[in-house]
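Only the coordinates and a few stated rules stand behind these numbers; no lab work does. What you see is a predicted model, and the numbers here were worked out from it, not measured in a lab. Here the Cβ positions follow ideal geometry from the backbone for every residue, glycine too, while neighbour counts run over all protein chains shown.
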Amino acid sequence: PGIKILLRGKPVATHDLEAQLLYTRTYPCVPSGLALGSLGTYQVTLGFVPHAPATTLMGYYLYHRNRLIKPLWRVSSQANVVGRGVLGLVEVDFIAPSHDKQDFDHSNGLLAKLQRKLATLQRQHWHQYAAAFGYTTTASKAAQKVGRGKRSDAPSGHTQARKAARQESHEEVMLADDDTEEEEEEEVVVEGT
């Protein structure tokens, strides 16, 4: 780097955030709304933080000409799990920063369009890789509900076989529960002596 930062006489270690992310993917985007091609393209790099399931960290680092303007900009709702653990890196040279370089210019509407686009990309990326981190997506929950429901188009033999398998697994669970109760009773007797 062209600049060295010292803190109490020791150099501050730099971190490559993109290298620390897991399941990274780069999405090329073209800003719309102005003359096509006049703004060029931009790259959105998304990935999961290594401790994704245990954190509520999410958002984007927005840069303008390699200068960090908005750190951890949250573009979607924080109420649900979708998007948690996903961090993004975006170089947005087509939006002018404010005079104090702490925010971007809100007057032309490009920032609002960018926010909608980034929220969509964050949701897509989260749904694509969430299962690798142990998150349960709503699509998989819906598929489980469909699998449990009755299907009218299934042949009767298939339905009967499914019921028999369900009954066998239920009996195995009941037997397993009986075994644990006996073990618990034995433990109580051992503890009492």
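So which of Lys10/Lys113; Lys4/Lys113; Lys4/Lys70 end up more than 31 Å apart, counting from Cα to Cα?
Details: Lys10/Lys113 42 Å; Lys4/Lys113 36 Å; Lys4/Lys70 22 Å.
Going by Cα-Cα distance, Lys10/Lys113; Lys4/Lys113 fall outside the 31 Å limit.
Overall shape: oblate for the range 6-140, with the ratio a/c of the largest to smallest alpha carbon gyration tensor axis at 1.5 or above and b/c at least equal to a/b. On the beta carbon distance between Lys101 and Thr56, with R0 = 35 Å, the FRET formula returns roughly 0.80.
Within 10 Å, count the other beta carbons around each residue, average over each peptide in 94-101, 52-59, and list them highest first.
Details: 94-101: 12.8, 52-59: 15.9.
So the order, starting with the most tightly packed, is 52-59, 94-101.
Based on the alpha carbons, how large is the Rg to Rh ratio for the range 60-102 when Rh follows Kirkwood? Don't skip to the answer; put the middle values down first.
Values: Rg = 11.9 Å, Rh = 11.4 Å.
That ratio is 1.04, to two decimals.
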